[in-house]
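Since every read-out is calculated from the coordinates, none of them should be taken as a lab result. All values derive from a computational prediction rather than experimental measurement. For neighbour counting, all protein chains shown are included, and Cβ atoms are generated from backbone atoms with ideal geometry for every residue, glycine included.
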Amino acid sequence: MPTSEGHPVALITGITGQDGSYLTEFLLQKGYHVHGIVRRASSFNTGRIDHLYQDPHVSGTRMQLHYGDLTDATRLGELIERIQPDELYNLAAQSHVKVSFDMPLYTADVVAVGALRLLEAVRDAQQRIGRKIKFYQASSSEMFGMVQETPQTETTPFYPRSPYSCAKLYAHWQTINYREAYDLFACCGILFNHESPRRGETFVTRKITRTATRIKLGLVDKLYLGNIDARRDWGYAGDYVEAMWLMLQQERPDDFVIATNETHSVREFLDEVFGHLDLNWQDHVAIDPAYYRPAEVDLLIGDYAKAERLLGWKPKITFRDLARMMTDADMKLAEQELKLRPK
Ligand code: NAP
Ligand code: G4F
């Protein structure tokens with residue numbers, strides 16, 4: 001299954017996630033043949049990419065899904081060998097920071113060793129097929145953790161504060177090590193928080209937009225949150241997947257911070273969302289310490305100057321527009337829920 005009819009071939013792990021869905025849309029528009037690795041689950045987990053699905057029986061199909069898991073090295077090796085992608089995007093992860101404190105070993109297996117399994121499979125497949133497979137690793141601003149300097153750049157020292165970020169840091173350094181030791185074309189995108197209407201519902205922005213819109217329609221009363229003083233650099237996922245692709249189109253592999261260079265507190269996000277709905281969040285939000293983390297990352301703000309200079313990339317969607325886009329999308333879901341609710 002090598003490069004198909006002149007179309008460049010991409011393989012995406014985590015294709016069913018927020019970023020996987022936007023990246024698939026982006027690559028299909030660029031003319032790619034996109035393969036994605038999907039975990040087997042007892043119910044469908046492809047909701048974010050169903051609108052992109054193409055019937056494999058129809059000729060000219062440019063999107064194909066394959067069962068696989070980052071914990072299964074044999075399967076990863078077999079898929080890479082068979083698909084022979086030009087570009088491999090490793091987006092799969094147990095990506096929830098709070099959950100990583102509950103499941104540190106699983107998180108390390110998927111996020112840290114999972115990336116290493118892929119790097120080994122790529123190194124092996126390259127030797128056999130005699131050409132490069134470009135590799136993208138989804139690194140995270142969480143690796144900066146306890147802040148050493150602001151804004152954070154590619155040279156800011158890391159200080160991870162969770163099992164998730166420790167695992168991401170391992171994957172980050174392994175990716176760099178494989179680039180230096182084996183001449184892999186491997187890039188790390190150090191992406192700051194990025195959100196969208198497709199964001200998982202347990203991340204704070206989506207939890208807020210989902211619950212605030214349900215409060216507006218009288219479907220629930222309260223929104224329970226943890227540390228609302230935390231500050232993040234929030235951008236739009238649709239903007240960020242373009243940066244992933246741009247990194248793999250350069251002459252030389254390198255690592256880049258992708259961010260907006262703005263920081264906002266969870267409180268400010270509440271202001272935007274509840275304000276947009278003509279509500280006062282202080283009337284509806286309660287603090288539940290169950291959502292506090294054993295160790296917190298207080299402040300993230302990223303400097304994307306290197307990406308702007310070398311990739312020509314900069315963010316397009318502002319903080320306010322992002323909050324409104326997510327609120328408007330969730331209002332539609334809340335309206336549907338209200339219609340379907342038994343009277
Ligand atoms: P997401 O929505 O949580 O998606 C994660 C994806 O990984 C899903 O497709 C999930 O499959 C898959 N996955 C989880 N465990 C797996 C396993 N054992 N084997 C194979 N696939 C597995 O995450 P995202 O927001 O799109 O983020 C994409 C990547 O960027 C992640 O690596 C994340 O850690 C990293 N990142 C995200 C941000 C951000 O702000 N969004 C910032 C920096 C870095 P299911 O659909 O079956 O669960
Ligand atoms: O939305 P969050 O869960 O995102 P977090 O922890 O920053 O991680 C996300 O961004 C990372 C990039 O920096 C990614 F690598 C990672 O995969 C993920 O996508 O929490 C944001 C902040 C935290 O400080 C948290 O303590 O919001 C605070 N928060 C307050 N109440 C809450 C809640 N977070 C969640 N999830 N749920 C709450 O009720």
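For TYR291 and ARG128, a Förster radius of 51 Å and the Cβ-Cβ distance give a FRET efficiency of 0.60, rounded to the nearest 0.05. Near ARG75: Cβ cut-off under 10 Å, other residues only, Lys/Arg at +1 and Asp/Glu at -1. The net charge is -2.
Entry for the chain at q = 0.06, 0.10, 0.14 Å⁻¹: log10 I(q)/I(0) = -0.22, -0.61, -1.18, Debye formula applied to identical alpha-carbon scatterers, no solvent contribution. Mind jotting down the distance between the C-alpha centroids of the range 89-135 and the range 180-247, whole Å? The range 180-247 and the range 89-135 have Cα centres separated by 21 Å. Within the straight-line cut-off of under 22 Å between alpha carbons, the lysines reachable from LYS306 are LYS134, LYS168, LYS314, LYS316, sequence neighbours fewer than 8 places apart in one chain being disregarded.
Can you give the local net charge around GLU296? Use residues other than it whose beta-carbon is closer than 14 angstrom to its beta-carbon, Lys and Arg +1, Asp and Glu -1. Here the count lands on +2. Estimate the FRET efficiency between HIS57 and ARG82 by the formula 1/(1 + (r/R0)^6), using the beta-carbon distance for r and 22 Å for R0, to the nearest 0.05. After rounding, the FRET efficiency stands at 0.70.
Comparing MET325, TRP313, ALA237 along the charge dipole axis of the range 208-343, the residue lying farthest to the positive side is MET325, per the Cβ-charge model. Within straight-line reach of LYS207, meaning a Cα separation under 15 Å, sit the following aspartates and glutamates at least 8 residues removed in sequence or on another chain: GLU195, ASP221, GLU268, ASP271, GLU272, ASP288, ASP328, ASP330. Structure remark: mean-square fluctuation, Gaussian network model of the chain, C-alpha springs under 10 Å; the largest value among VAL99, VAL220, VAL34 belongs to VAL220. Counted residue by residue at 0.36 nm each, then reduced by the alpha carbon distance between them, the extension gain from TYR106 to LEU310 reaches 69.8 nm. Please check: in the Gaussian network model of the chain (C-alpha springs, under 10 Å), which one of ASP298, ASP288, ASP328 has the largest mean-square fluctuation. Largest GNM mean-square fluctuation: ASP288. Per-residue ellipticity at 222 nm computed for the chain from its helices equals -12000 deg cm²/dmol, with DSSP H segments shorter than 4 residues left out and the rest contributing -39,500 (n - 2.57).
The DSSP beta bridges internal to the range 1-117 are antiparallel in roughly 5% of cases.
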